[in-house]
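The values are calculated or read from the model by the stated rules, or taken from the named source; none is laboratory data. Bear in mind the structure is a predicted one, so any value in this text is a computation, not a measurement. Neighbour counts are summed over all protein chains in view; Cβ atoms, including those assigned to glycine, are modelled from backbone coordinates with ideal geometry.
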Amino acid sequence: MGTVEKYYDDNTEAEWMRLERHKIEFDITKRYLDEYVKTGTRVLDIGGGPGRYSLYLSLKGCHVHLLDLSSKNLEYAKNKATELKIDIEKYFHADALHLSDKVNEQYDVILCMGPIYHLPEEADRIKVMKNCIHHLKPGGILIVSFISAYAPIIDILKKYPEAIRGYKETLLSYLKDGRNIVSPENQGFTNAYFMNPNQMASFMSQFDLVQKVLTGIEGISAQSEEKINALEETDYQEWIDLIYETSKDPLTWGACEHFLYIGQKKNT
């Protein structure tokens, strides 16, 4: 079992709860899904974990297939679908690097909102993008998530700024290289790649896609998310409106922990 697969098998409940803690990320992303994923479309959710977005889109009337590297994530998603009486049509236990080993269909929409930030090598990131596009219908929509190279800095600022001692150079290194490899000295998050916001457009421009959206998710709100989450609903929604608008401005992206790309496959 690989490092990333084991991490998610061991942390399935925490992964489900992650979007409870990061409500802003979840709600902003859903706004984009509402805009670009239409009712009745066929959706492949690659690396969809325990199924948060698969369940959301299934509830909207989409025909959703969920694929994940972690069998425990898929089991959790199946149980949630049963509990909530929502139908996810197919489940694939598979690796995005070898997508066609399990998937032989084309889709109107493909979500790739996990794999790219778990592939430290650029050749693997390129391969997964090409795999996604291969299974996307002409004119179909591809939605890709990235973790920001600033995210580790933001995270330590929010939670334990006292830990900066001895860690400064590591944090700065993510802005240059982006790779996070698990080792005896680095046992936090699993293997990952953190994308510098300056690199996103050039990385995605090499594929057979027309860019529709390239945006931050949290805008300038990341360090204040606990306070925003605790607001009463009317005030919370006012902030979501503001964050949605301001996060489109590249000047805010250094304050974001996550980025979102939406592209349309060319009709060629």
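Out of Glu35, Glu20, which single residue is modelled with pLDDT of 95 or more and charged (D, E, K, R)? Write out each step before concluding.
Details: Glu20 fails: modelled with pLDDT of 95 or more.
The match here is Glu35.
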Could you please give the count of residues in the range 2-33 that are part of a helix (DSSP H, G or I) and under 25 Å from Tyr236 (Cα atoms)? 19
Close pairs from the range 11-31: first closer than 26 Å to Ser71 by Cβ, partner of a type in the set (Phe, Trp, Tyr) and part of a helix (DSSP H, G or I), Cβ under 6 Å, at least 6 apart: Thr12/Tyr76; Leu19/Phe26
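Within the range 223-268, how many residues turn out to be among the hydroxyl-bearing types (Ser, Thr, Tyr), over 19 Å from the mean Cα position of the chain (by Cα) and assigned to a loop (DSSP other than H, G, I, E, B)?
Within the range 223-268, residues that are among the hydroxyl-bearing types (Ser, Thr, Tyr), over 19 Å from the mean Cα position of the chain (by Cα) and assigned to a loop (DSSP other than H, G, I, E, B) number 1.
Report yes if Leu84 is exposed (fewer than 14 other Cβ atoms within 10 Å of the Cβ) and over 24 Å from Gln264 (Cβ atoms), otherwise no. Spell out how you get there, then give the answer.
Numbers: exposed (fewer than 14 other Cβ atoms within 10 Å of the Cβ): yes; over 24 Å from Gln264 (Cβ atoms): yes.
Answer is yes for this residue.
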Cross-chain or 6+ apart pairs with Cβ under 8 Å, the range 37-49 first and over 11 Å from His135 (Cα atoms), then basic (Lys, Arg): Val37/Lys60; Thr39/Lys60
Please go through the range 140-175 and give me each residue that is without any contact (Cβ under 8 Å) to a residue 12 or more places away in the chain and among the aromatic types (Phe, Trp, Tyr), ordered by number. Tyr160, Tyr167
Select, from Leu111, Leu99, the only residue that is in a strand (DSSP E or B) and surrounded by 21 or more Cβ atoms within 10 Å (Cβ to Cβ). Leu111
Whether any residue in the range 197-214 is assigned to a loop (DSSP other than H, G, I, E, B), surrounded by fewer than 18 Cβ atoms within 10 Å (Cβ to Cβ) and among the basic types (Lys, Arg) is what I want to check. no
With the checklist (1) in a loop (DSSP other than H, G, I, E, B); (2) under 27 Å from Val4 (Cβ atoms); (3) not polar (S, T, N, Q) in hand, flag the one item Ile220 doesn't pass. (2)
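Quick one: which of Leu142, Leu171, Leu119 is surrounded by 14 or more Cβ atoms within 10 Å (Cβ to Cβ), over 30 Å from Glu105 (Cβ atoms) and not small (Gly, Ala, Ser)? Quick ask: steps written out before the conclusion?
Details: Leu142 fails: over 30 Å from Glu105 (Cβ atoms); Leu119 fails: over 30 Å from Glu105 (Cβ atoms).
Residue meeting the stated conditions: Leu171.
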For residues that are over 22 Å from Tyr8 (Cα atoms) and either of a type in the set (A, V, I, L, M, F, W, C) or part of a helix (DSSP H, G or I) (or both), tally how many sit in the range 85-96. 1
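Restricted to the range 37-72, and to residues that are in a loop (DSSP other than H, G, I, E, B) and among the polar types (S, T, N, Q), which residue is surrounded by the most Cβ atoms within 10 Å (Cβ to Cβ)? Before you say what the answer is, go through the steps one by one.
Taking the range 37-72 as the starting set, the residues that turn out to be in a loop (DSSP other than H, G, I, E, B) are 37-41, 47-51, 60-62, 69-70.
The next check asks that each one be among the polar types (S, T, N, Q); those that pass are 39, 41, 70.
On the way: Thr39: 8, Thr41: 19, Ser70: 25.
Among residues in the range 37-72 that are in a loop (DSSP other than H, G, I, E, B) and among the polar types (S, T, N, Q), the one surrounded by the most Cβ atoms within 10 Å (Cβ to Cβ) is Ser70.
What about Leu33, is it over 12 Å from Tyr91 (Cβ atoms) and in contact with a strand residue (DSSP E or B) (Cβ under 6 Å, 6 or more places away or on another chain)? Step through it out loud before you land on a result.
On the way: over 12 Å from Tyr91 (Cβ atoms): yes; in contact with a strand residue (DSSP E or B) (Cβ under 6 Å, 6 or more places away or on another chain): no.
In short, no.
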Residue match in the range 211-223 (condition: among the basic types (Lys, Arg) and touching a strand residue (DSSP E or B) at 6+ places or on another chain (Cβ under 6 Å)): yes
Residue that is surrounded by the fewest Cβ atoms within 10 Å (Cβ to Cβ), among those in the range 251-268 that are at pLDDT 95 or above and over 22 Å from Lys158 (Cβ atoms): Gln264
Subset of the range 81-121 (residues that are within 17 Å of the chain's Cα centre (by Cα) and of a type in the set (D, E, K, R)): Asp95
